[in-house]
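**Q** The structure is given below, and queries will be raised subsequently.
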Amino acid sequence: MKPPAIIVCLKIIPDPSGPASAFQVDSELKKVVPSGIPPVINPYDENALEAALRLKTQWGGRVVAVNLSEKSMVTILRKALTVGADDLIVVEDPDFQDLTSQSIAGALCAAVMKIGSYDLILTGRQAADWESGQVGLLMADMLGIPAINLAQAISIENGKVVVEKLKRRGHELVRAPLPALVTVSNEAGELRTPSIRAIHESRKKPVTVWKANDIGIDPQVLKKRKLRELSRPPARASSCCMVEGESAQEKGRALALKLREEGII
């Protein structure tokens, strides 16, 4: 079997690990404005990149990272090159801002078609900002290839992708012929840490930058998200409750009952 060519889609978002107080809601502009929060690669997309790198270690081939943005984020995206991606392609255009999931998927598919041959496309299960989880599956539908979502482990056997797909309880084993698209969950593992040498060497690697017209996309036909309302939910009042009991067992039982009454468990 020839070494697989793997495309990984990466999205840049405000760091979701930042405190809630650093995100301000502009109700008039219907936008969430981060303050002092750096942009990062979507954590679920990093899980997908790690899965791709593991496949590359086992079966060889090339890993191509692709990003779609309204402005250049090359400095942040170079992280993909430091950990082992072979190529980085950035498709940027000011009109890519606030697109619907369907328009994002269409533009990414156009980039994939320009790249040419591929065996596997990996995306994160969702983006940690909007969390719609639609783009990957829409891409598969547009490209006419099989899709498997919520992968916690991926392998390639006899020209097929074999995926451990998450279920509410346990997982199921799913196979699909290549080419295919798989959305990757965080259970697949965190992205590896690059070495200092790899960081220095990645600076020498070229980055391919395309515009919308380079992939045959007219930005004017892309649809924008239309939000009716965006507001911060009211802060919940905090309260303290003391759990009584003569022994640790009684206190534990009382705590469990209280948590059930509050709908926490």
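What follows is calculated from the coordinates using simple rules that are stated; it is not laboratory data. Remember, predicted model here, so these are calculated numbers, not experimental data. Please note: Cβ atoms are built from the backbone with ideal geometry, for glycine as well, and neighbour counts cover all protein chains shown.
**Q** Could you please report the charge total around LYS251, scoring K, R as +1 and D, E as -1 over all other residues with beta-carbon less than 11 angstrom from its beta-carbon?
**A** Taking every other residue near LYS251 into account, the sum is -1.
**Q** In terms of Cα to Cα distance under 29 Å, which lysines are near enough to LYS71, apart from those fewer than 8 places away along the same chain?
**A** LYS11, LYS30, LYS31, LYS79, LYS114, LYS204, LYS205, LYS211, LYS223, LYS224, LYS226
**Q** Right, here's the next one. Out of residues 5 or more away from ALA127 or on other chains, whose amide H comes under 5 Å of its own, with H placed 1.01 Å from N in the peptide plane?
**A** Residues meeting the amide H criterion: SER132, GLY133.
**Q** By how many nm would the segment from GLU229 to GLU157 lengthen if fully extended, with 0.36 nm per residue of separation less the alpha-carbon distance?
**A** Working: separation 72, 0.36 × 72 = 25.92 nm, distance 4.77 nm.
Here the segment from GLU229 to GLU157 would lengthen by 21.2 nm.
**Q** So what J values fall out for region 18-27 if you push phi through Karplus, 6.51 cos²θ - 1.76 cosθ + 1.60 with θ = phi - 60°, rounded to Hz, Gly and Pro as x?
**A** Once θ is set to phi - 60°, the couplings for region 18-27 become x, x, 4, 5, 7, 10, 9, 9, 9, 5 Hz.
**Q** Here's another thing I want to ask about it. Fewest first, what order do CYS9, CYS109 take by the number of other Cβ atoms within 10 Å?
**A** CYS109, CYS9
**Q** Mean 1/r over all different Cα pairs, inverted: what Kirkwood radius does region 45-96 give, in Å?
**A** Values: mean 1/r = 0.0860 Å⁻¹.
Final number for the Kirkwood radius of region 45-96 is 11.6 Å.
**Q** Going through region 17-63, which GluC sites (Glu not before Pro) have at most 15 other Cβ atoms within 10 Å and a DSSP loop state?
**A** Filter output for region 17-63: GLU28.
**Q** Here's something else I'd like to know. Would you mind giving the three semi-axes, in whole Å and largest first, of the ellipsoid equivalent to region 156-206 according to its Cα gyration tensor?
**A** Each semi-axis is the square root of five times an eigenvalue, giving 31, 17, 8 Å.
**Q** Turning to a different aspect of this structure: PRO43: net charge of surrounding residues, Cβ under 15 Å, Lys/Arg +1, Asp/Glu -1, itself excluded?
**A** In short, -4.
**Q** Then there's this: Which value, in debye to the nearest 20, gives the size of the charge dipole of region 98-230 about its Cα centre, when Lys and Arg are +1 and Asp and Glu are -1 at the Cβ?
**A** Details: 19 positive and 14 negative charges, 32 e Å.
Computed charge dipole of region 98-230: roughly 160 debye.
**Q** While we're here: Taking amide H atoms as placed 1.01 Å from N in the peptide plane, list the residues 5 or more away in sequence, or in a different chain, whose amide H sits under 5 Å from that of VAL162.
**A** SER155, ILE156, GLU157
**Q** What does the convex hull of the alpha-carbon atoms of the chain project to on average, in nm²?
**A** 18.7
**Q** I've got another one for you. So what are the ³J(HN,Hα) numbers for region 252-262, from phi and the Karplus equation (6.51, -1.76, 1.60; θ = phi - 60°), rounded to whole Hz, Gly and Pro as x?
**A** x, 5, 5, 5, 4, 5, 5, 5, 5, 4, 7
**Q** Using helices alone, what [θ] at 222 nm do you get for the chain, with -39,500 (n - 2.57) per DSSP H run of 4 or more residues, divided over all residues and rounded to the nearest 500?
**A** That comes out to -8000 deg cm²/dmol.
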